[in-house]
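*Asks:* Starting off with a structure, shown below.
The values are calculated or read from the model by the stated rules, or taken from the named source; none is laboratory data. For clarity, every value in this text was computed on a predicted model and none was experimentally measured. All Cβ positions, even for glycine, are placed from backbone atoms using ideal geometry, and neighbour counts span all protein chains on display.
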Amino acid sequence: MAENNFFDALGEKLSKATHTAVDKTGVFLSSTRISAQIAGEQREMEKLYQKLGETVYRMAEEGQFTPDGEVARLVLKIRNRLQVVQNYRKDLAGVKNQNICPHCGNFIDQQAVYCPKCGAEIPVTVPAKPKPGEKKAPVDAEIEIEEAVSLDDFADEQGDLT
Ligand SMILES: [Zn+2]
């Protein structure tokens, strides 16, 4: 038993000695540096996980696949949260006497005719949907209500939400 422990300890010592960590330039890394490297990798992974989540969410919302189980549950949760955020943004715009650009979601002055961020024309009142077959005069920027809310927009506006 004692002999085995001795060889185990020796083996551990040797493996530690032969597995010294070095960075890309061959510089020896202290445990602090290794911990920092791990933390850095984990931060990058978190970003990738978030990106993965946003991609899956978008694909689900665009109908590129039909999520089920846990993915469906998470998609629904995010959709509901986005709706809550959208409602808060409307409240915020009201408090600030502003409107929200229906194209990009930017906060704009109530008098604004065009959105200063995306250039979309701001309808004076919410226009009724055109009847089928009815041709509308072409405008420079089509108002796309469906695209008014995207994750990127919320990332841009997060400062305004707090
Ligand atoms: Zn806009």
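*Asks:* Note down all Cβ pairs under 7 Å where the first residue falls in segment 46-58 and is in contact (Cβ under 8 Å) with a residue 24 or more places away in the chain and assigned to a helix (DSSP H, G or I), the second is surrounded by 10 or more Cβ atoms within 10 Å (Cβ to Cβ) and β-branched (V, I, T), and they're at least six residues apart or on different chains.
*Replies:* Y57/V75; Y57/I78
*Asks:* I've got another one for you. I want to confirm something. Restricting to segment 97-114 and keeping residues that are near the ligand (Cβ under 9 Å from one of its atoms) and in a loop (DSSP other than H, G, I, E, B), which single residue is nearest to Q86 (Cα to Cα)?
*Replies:* Of all residues in segment 97-114, those near the ligand (Cβ under 9 Å from one of its atoms) come to 100-106, 108, 114.
Remaining after also requiring in a loop (DSSP other than H, G, I, E, B): 101-106.
Numbers: C101: 12, P102: 11, H103: 13, C104: 12, G105: 9, N106: 12 Å.
Looking at the filtered set, the residue picked out is G105.
*Asks:* Out of (1) more than 16 Å from the ligand (Cβ to nearest atom); (2) aliphatic (A, V, I, L, M); (3) modelled with pLDDT of 60 or more, the odd one out for A137 is which?
*Replies:* Among (1) more than 16 Å from the ligand (Cβ to nearest atom); (2) aliphatic (A, V, I, L, M); (3) modelled with pLDDT of 60 or more, A137 violates only (3).
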